[in-house]
Amino acid sequence: MTIPSINKLFLISIDCWRYDALSRTNPLFNTPKFDLLTQDFSLAEKFFVSAPATRPSHTSYFTGLYPFEHGVYGQTYLKMFEGIPNLFQIFSDADYHITGRSERPEVFRFLDFEPFITSIDPNAQAQHLGSLEDLIQHLKQPSNTPQFCFLHFWYTHGGYGMSGIPDAPSLKWLVDQGRTDEALRIYYAAATHILEFKLVEILKQLKLPEWAVFIFGDHGEGICEELIDHGSTLNQNVLHVPLLAHIPGVSNLEFPIPPISAID
C-alpha cells in the first residue's frame, strides 16, 4: 500500500470509550450523523491499549512505548523518564502548527507534553458547557500549513453527565442490583453525546481530504460484574477499545488480522 504524503494529523481521544460504544460494533447504538460522516473511516477490530488508565495510556500513544519504558506506570505516577521524545515536541521541532485541547487538561499535569495541551474552551469554567468555536478556528489553518492536533474528551469519564441530576443512581449500585443494562444505557448516552453532538460538529468543519484522523479510546470501562470502572484491573471491557482511522487517498485501510496495540 502506498501512503500519500500528509502534513495534517489529528488524534482524537475519547476517555473510557469501550469497544461496544459504537454503532459498528453495537446495533443498538444510534449515531446516524457520526456514522454518515465517518462511513469511510476504517475500524480496527482487535485494538487494545497498553494501560487501563488515562495518564499511562496517553503517554504510550505519544511515545510509542509501554509504561515500563516511559515511566508512567499508573495514574498516580507523576513524571516520565527523562529524555523520551513525544509527538508534540517532535512535531513542534519540525515547525508544525500544534493544537492540543482537552476537557480535562489537568489530567496531564507534570507530563512532558503537558505544556502543549490546554482547555477546549479557555473562556469556560466547565468544559462540557464550553464552545467549540475557538478550537475549530485553531484547526482552520491554510492547506500548506503542517498541523498536529490532539483532542481529548472527558465527558465519557466518571459521572457520564449524571452530575447534578437529583437522586441519580451510581453505576455501581445499578450493577450490584442486577441492573447492568440500565447502567450501560447511562454510559452509552455519554458516548453518544460526544460522537453525535460534539465530534460531528468538529469533523464536518475540516477538509477531510487533507487530514489523517485517528479516533480512539485511551481505555474502556468495566460496567460488569467483575469491575465497574477502570484503572486497576485488566479486563476485556477496559483494554479493548475502538480505533477509527481515516487516511486521505486510502479508501480501505487494512489492519492486521492479529491484535494490535496503541504503541503499534
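Miscellaneous remarks
- Gyration tensor verdict on segment 66-108 (Cα atoms; rounded if a/c is under 1.5, prolate if a/b is larger than b/c, oblate otherwise): oblate
- Pairs spanning more than 32 Å between alpha-carbon atoms, out of Lys172/Lys204; Lys46/Lys198; Lys46/Lys172; Lys33/Lys140; Lys172/Lys198: Lys172/Lys204.
- Most positive-pole-ward Cα, Ile228, Val250, Phe113, against dipole of the chain from beta carbon charges: Val250
- Folded to 0 to 90 degrees: helix 54-63 orientation relative to the chain principal axis, Cα: 20
- A Stokes-Einstein calculation at 37 °C with viscosity 0.692 mPa s, built on the Kirkwood radius of segment 73-204 over Cα pairs, returns a diffusion coefficient of 191 µm²/s.
- For the chain: rounded, prolate or oblate by the Cα gyration tensor [a/c cutoff 1.5]: rounded
- Three-way shape label, segment 1-132, alpha-carbon gyration tensor, a/c 1.5: rounded
- Rolling a 1.4 angstrom probe over the chain with all protein chains present gives an accessible area of which 52% lies on carbon and sulfur atoms.
- Mean-position separation - Cα centroids, segment 24-58 and segment 186-264, in angstrom: 3
- With R₀ set to 25 Å, the beta-carbon distance separating Glu201 from Lys172 gives a calculated FRET efficiency near 0.15.
- With DNA, RNA and ligands ignored, accessible area of Arg24 (1.4 Å probe; Å², nearest 10): 110
- A simple charge model with +1 on the Cβ of Lys and Arg, -1 on the Cβ of Asp and Glu and nothing else charged puts the dipole of segment 139-264 at about 540 debye relative to its Cα centre.
- Exposure rank, largest accessible area first [Ser13, Ser5; 1.4 Å]: Ser5, Ser13
- Charge dipole of the chain (Cα centre as origin; +1 on each Lys and Arg Cβ, -1 on each Asp and Glu Cβ, all else neutral): 320 debye, rounded to the nearest 20.
- Sequentially through segment 33-48, phi angles give Karplus couplings (6.51, -1.76, 1.60; θ = phi - 60°) of 5, 5, 4, 5, 5, 10, 4, 9, 6, 8, 10, 7, 7, 10, 10, 9 Hz, Gly and Pro residues having no value and appearing as x.
- From phi via Karplus (6.51, -1.76, 1.60), per-residue ³J(HN,Hα) for segment 88-104 in Hz, x at Gly/Pro: 4, 5, 4, 6, 5, 5, 8, 6, 7, 6, 9, 10, x, 9, 8, 6, 9
- Nearest 10 degrees, 0 to 90: helix 180-192 Cα axis against the chain principal axis: 30
The values are calculated or read from the model by the stated rules, or taken from the named source; none is laboratory data. From a predicted model like this one, the values you see are computed outputs, not experimental measurements. Cβ atoms come from the backbone with ideal geometry, glycine included; neighbour counts cover every protein chain shown. Accessible surface is based on the protein model in full, side chains and every heavy atom, while ligands, DNA and RNA are left aside. Shrake-Rupley method; radii C 1.70, N 1.55, O 1.52, S 1.80 Å.
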